[in-house]
Amino acid sequence: MHLAEPNLHIVLVRPEIPQNTGSIARLAAATKARLHLVGPLGFSLEDRYLKRAGLDYWPLVDLRTYEGWEQFAAIYHDPPATRVKKTKFFSTHAGATYLDAHYARGDFLFFGCETAGLGRDFVLERIDRAYRIPIFEAGVRSLNLSNAVSIVVYEALRQTGALNAS
């Protein structure tokens, strides 16, 4: 399925765990978000765990795939000023929290892989658009990727008023 105007764009950069991606795909279908998978992927799109986590919702997922960052950037990089405002990067390296972000319909929400995130240098280059989800226990490095995406997506939907329309 391809949405003409998705509520949001969920961008997973180098996802590694098929079950997380399947769960996020299900979330994307439920919220009418477009899911972008930027490779290399840590699994095959034919992976049974990926398909199982997404259940029978895969036909409802607006999915776009890219071999790597270069292919994604060729389509979406160097955007006009309005598109720059529409990009948000989520990382444990950010200072501001996801609640500090001002979301708009059509925003691109970027999340990194489960083991390394987006990377410190990548985030620092975009620190003015980088956000974190607070973690209260110092011994916990990060949240599960699918949980993190869910938290951010629903806050974005709340801010844009999309939850009132459902």
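Laboratory data are not the source of any read-out in this text; all were calculated from the coordinates shown. Just so it is clear, the structure is predicted and the values come from calculations on it, not from any experiment. Cβ: placed from backbone, ideal geometry, glycine included. Neighbour counts: every protein chain shown.
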Kirkwood Rh for the chain from C-alpha pairs, in Å, is 16.0 Å
Can you tell me the order of 18-29, 107-118 when each peptide is scored by its average per-residue count of other Cβ atoms within 10 angstrom, highest first?
18-29, 107-118
For the chain, calculate the relative contact order in percent as a whole number, restricting contacts to Cα pairs under 8 Å that are 6 or more residues apart.
27 percent
Computed [θ] at 222 nm, helices only, for the chain once each DSSP H run of length n ≥ 4 contributes -39500 (n - 2.57):
-9500 deg cm²/dmol
Pseudo-spin-label distance ALA116 to TYR154, built 7 Å along Cα→Cβ, given in nm, is 3.1 nm
Considering only the chain, what is the antiparallel percent among its DSSP beta bridges, to the nearest 5?
5 percent
